[in-house]
1. Could you tell me whether any residue of the range 95-111 is polar (S, T, N, Q) and farther than 14 Å from residue 151 by Cβ?
2. Output the residues belonging to the range 49-73 that are more than 15 Å from residue 39 (Cβ to Cβ) and in contact (Cβ under 8 Å) with a residue 40 or more places away in the chain.
3. Could you tell me which of the residues 69, 60 is among the hydrophobic types (A, V, I, L, M, F, W, C), surrounded by fewer than 16 Cβ atoms within 10 Å (Cβ to Cβ) and at negative phi?
4. Scan 85, 79 and give me the residue that is farther than 15 Å from residue 32 by Cβ and of a type in the set (S, T, N, Q).
5. Here is a check on your reading of the model: is residue 37 surrounded by 14 or more Cβ atoms within 10 Å (Cβ to Cβ), closer than 20 Å to residue 156 by Cβ and without any contact (Cβ under 8 Å) to a residue 60 or more places away in the chain?
Amino acid sequence: MINRLKALLSGGDSRSATAAAPRESDDLQVAVAALLVEAALMDDRFEASERDKIAELLKARFELSDADAEALLATAREQVGQSSQLFGFTRVVADRFSPDERVELVEMLWQVAYADGHLDDYEANLLRRLAGLIHVSDRESGEARKRALAHLGLTP
């Protein structure tokens, strides 16, 4: 996976790009990671607690090694820096995740938003928008938020 991500970022020649083209699951992983990074960056800070939480969530969700999670996180940061729209990322998630997996992603997003101990208004707004874009209801998002807070040992 690391080699495929490096090939994607480096742009390589057409033969190596074709040979190292990321699989659909890699696209999905990048989309999920990019949404998590976007949630962390929404308050204009990317704290170590948020970064660590994203790496932890990616490793658990996609069964990645530490190195693969770090490579995925680096790719996601690059993609977020190059993209001015979230629609492409949310489209991949909405198309390829089941309803339960989309709710799980919203819970992951809440965990990232609260990883630094507080929720910024911009973060809350982003999470409401993302939930709508990936077809997660307000009720489901609220329940996911409560589970995220409980997981982090915080009170609502």
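1. Step one: filter the range 95-111 for residues polar (S, T, N, Q), giving 98, 111.
Going one step further and asking which of them are farther than 14 Å from residue 151 by Cβ, we end up with 98.
Yes, because at least one residue in the range 95-111 is polar (S, T, N, Q) and farther than 14 Å from residue 151 by Cβ.
2. Step one: filter the range 49-73 for residues more than 15 Å from residue 39 (Cβ to Cβ), giving 59-60, 62-72.
Once the filter is applied, which keeps residues that are more than 15 Å from residue 39 (Cβ to Cβ) and in contact (Cβ under 8 Å) with a residue 40 or more places away in the chain, the range 49-73 yields 64, 67, 68, 71, 72.
3. Numbers: 69 fails: surrounded by fewer than 16 Cβ atoms within 10 Å (Cβ to Cβ).
When all the criteria are applied, what remains is 60.
4. Details: 79 fails: farther than 15 Å from residue 32 by Cβ.
On inspection, the qualifying residue turns out to be 85.
5. Numbers: surrounded by 14 or more Cβ atoms within 10 Å (Cβ to Cβ): yes; closer than 20 Å to residue 156 by Cβ: no; without any contact (Cβ under 8 Å) to a residue 60 or more places away in the chain: yes.
The answer is no for residue 37.
Values in this text are rule-based calculations from the coordinates and carry no lab data. Predicted model, so just to flag it, every value in this text is computed and none were measured. All Cβ positions, even for glycine, are placed from backbone atoms using ideal geometry, and neighbour counts span all protein chains on display.
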